[in-house]
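Enquirer: Right, I'll just put the structure down here and ask away after.
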Amino acid sequence: MASSKEYLEFILGQLSDLNEITYRAMMGEFVIYYCGKIVGGIYDDRLLVKPVKSAISYMPTVSYELPYEGAKEMLLVDEVDNKEFLTGLFNAMYEELPTPKSKKKK
């Protein structure tokens, strides 16, 4: 099941206090970026984030879920209705997220 544009807009609204939140549509789902780094994505209308240590400690009762078959497990964010929680989570995760690799020119 693909994610809805309405759910994406809701999540983007919840993250509106953060600068440089962008997204990219991929195969009916959405990858979420924070200041150029991939934080997670929206898969089947669920917000999932990368399982970095800071996110695990920020969400002590976190559950792991697969975004799609064959993918690595990610953390399910249950508190999407709490704008302050989401802002804090993304800020806590930022330093630990990998810097995107630069693409080599052919």
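Enquirer: I'd like to compare 30-36, 78-84, 5-11: which one has the highest average count of other Cβ atoms within 10 Å, and what's the full order after that?
Expert: Ranking, from highest mean packing down: 30-36, 5-11, 78-84.
Enquirer: Which of 92, 55, 71 moves the most in a Gaussian network model of the chain with Cα springs under 10 Å?
Expert: 71
Enquirer: Still on this structure, I have one more. Given the C-alpha atoms of the stretch 3-94, compute the convex hull and give its volume per residue in Å³.
Expert: In the stretch 3-94, the Cα hull volume divided by residue count equals 86 Å³.
Enquirer: In what order do 47, 75 fall by count of nearby beta-carbon atoms within 10 Å, going from fewest to most?
Expert: 75, 47
Enquirer: Stretched out fully, how many nm does the piece from residue 71 to residue 44 gain, at 0.36 nm a residue minus the Cα gap?
Expert: 8.3 nm
Enquirer: Residue 97: net charge of surrounding residues, Cβ under 15 Å, Lys/Arg +1, Asp/Glu -1, itself excluded?
Expert: Combined, the nearby Lys, Arg, Asp and Glu give +2.
Enquirer: What net charge is computed for the residues neighbouring residue 61, neighbours being all others with C-beta under 12 Å from the C-beta of residue 61, Lys and Arg scored +1, Asp and Glu -1?
Expert: Counting the neighbours of residue 61, the net charge comes to -2.
Enquirer: Could you tell me which of the pairs 37/72; 83/103; 53/104 are separated by over 26 angstrom between their Cα atoms in the structure shown?
Expert: Exceeds cut-off: 83/103; 53/104.
Enquirer: Can you figure out the FRET efficiency of residue 35 with residue 79, using R₀ = 30 Å and their beta-carbon distance, to the nearest 0.05?
Expert: 0.85
Enquirer: Here is a follow-up. Net charge within 12 Å of residue 85 by Cβ-Cβ distance, Lys/Arg positive one each and Asp/Glu negative one each, not counting residue 85 itself?
Expert: Around residue 85, the charge tally is -4.
Enquirer: As a check on your grasp of the helix formula, calculate [θ] at 222 nm for the chain: sum -39500 (n - 2.57) over DSSP H runs of n ≥ 4, divide by the residue count, round to the nearest 500.
Expert: Theoretical 222 nm ellipticity from helices: -7500 deg cm²/dmol.
Since every read-out is calculated from the coordinates, none of them should be taken as a lab result. All values derive from a computational prediction rather than experimental measurement. Positions of Cβ are generated from backbone atoms using ideal geometry, with glycine treated the same way; all protein chains shown enter the neighbour counts.
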